[in-house]
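Heads up: the structure comes next, in structure tokens.
The values are calculated or read from the model by the stated rules, or taken from the named source; none is laboratory data. Quick caveat, the model's predicted, so the values are computed rather than measured. A quick note on method: Cβ atoms are made from the backbone with ideal geometry, for glycine too, and the neighbour counts reach across all protein chains shown.
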Amino acid sequence: MQTSAVTDLAHTHARPVHWLATATAMAGVVALAGLLQPGPAGATAAPAPLPAPDAAAVRFPLECGGAPSKIAQRATGDLDGDGNPETVAVVHCEAGSGTPPSGIYVLTHGKGGGSPAARVVATLVEPSQLKTVSGFAVRDGAVRATLLGYSSPDVPSCCPDQKEQVMWHWKGGAFVRSAQAEARAV
């Protein structure tokens, strides 16, 4: 066995201060590694969807000759697949008697941040078509309605004699009306 020329090396005997310095250095390295970790991969937080537009806050393109308009029915759903719900409203003029024709309007939020004002973006049924809406729903990204109409101008406005089941869905940047069933007597 050969003896060392330097008999007293400081690092050959571990003392508590050495262990403490090593532990402190290791803790610092681990803490620094934790701070320098990359963020979670993949998905980023999507913005929360806007609430459905308020139909009561919209002026509808409906001429009522001075009489007020009335929102008869409304439903909401995401019709264009953008993650934000649209509102579909059935609106007619308030009439003293008879069955006033209805319009079906699609509402969305205006452009801009926050919750911008609602606006009409599509008219599915014009009141000038003289249709009344009896059944109405928004389901599976489509607007479904039962439209009542008249076979001739001689039919009294109180008593529509035709019935159609119709559906609209968003396709290619517009609402497309599905193939309608033949008009039939009520």
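Of note:
- Test for Val106: is it surrounded by 16 or more Cβ atoms within 10 Å (Cβ to Cβ), at pLDDT 90 or above, closer than 30 Å to Val155 by Cα and out of contact with any Asp or Glu (no Cβ under 6 Å at 6 or more places or on another chain): no
- Restricting the stretch 77-95 to residues that are in contact with a helix residue (DSSP H, G or I) (Cβ under 9 Å, 6 or more places away or on another chain) and not aliphatic (A, V, I, L, M), the residue that is farthest from Asp140 (Cα to Cα) is Cys93.
- Of the residues making up the stretch 56-81, just one is in contact with a Gly (Cβ under 7 Å, 6 or more places away or on another chain) and either under 10 Å from Cys93 (Cα atoms) or free of Cβ contacts under 8 Å to residues at least 40 places away in the same chain (or both), namely Leu62.
- Top-ranked residue in the stretch 138-152 [being surrounded by 12 or more Cβ atoms within 10 Å (Cβ to Cβ) and part of a loop (DSSP other than H, G, I, E, B); ranked as farthest from the chain's Cα centre (by Cα)]: Ser151
- Among the candidates Pro116, Pro53, Pro47, the residue that is farther than 20 Å from Leu148 by Cα, at pLDDT 90 or above and either in a loop (DSSP other than H, G, I, E, B) or of a type in the set (A, V, I, L, M) (or both) is uniquely Pro53.
- Subset of the stretch 153-164 that is loosely packed, with under 13 Cβ neighbours inside 10 Å and over 11 Å from Leu130 (Cα atoms) - its residue that is modelled with the lowest pLDDT: Cys158
- In the stretch 141-150, the residues that are closer than 15 Å to Arg177 by Cα and of a type outside the set (S, T, N, Q): Gly141, Ala142, Val143, Arg144, Ala145, Leu147
- A residue that is over 22 Å from Val176 (Cα atoms), of a type in the set (A, V, I, L, M) and either surrounded by fewer than 16 Cβ atoms within 10 Å (Cβ to Cβ) or in contact with a strand residue (DSSP E or B) (Cβ under 8 Å, 6 or more places away or on another chain) (or both) can be found somewhere in the stretch 81-97.
- Failed item in (1) modelled with pLDDT under 90; (2) within 21 Å of Arg59 (Cα to Cα); (3) assigned to a strand (DSSP E or B); (4) not basic (Lys, Arg), with Gly135 passing the rest: (2)
- Residue match in the stretch 20-27 (condition: β-branched (Val, Ile, Thr), under 18 Å from the mean Cα position of the chain (by Cα) and at pLDDT 75 or above): no
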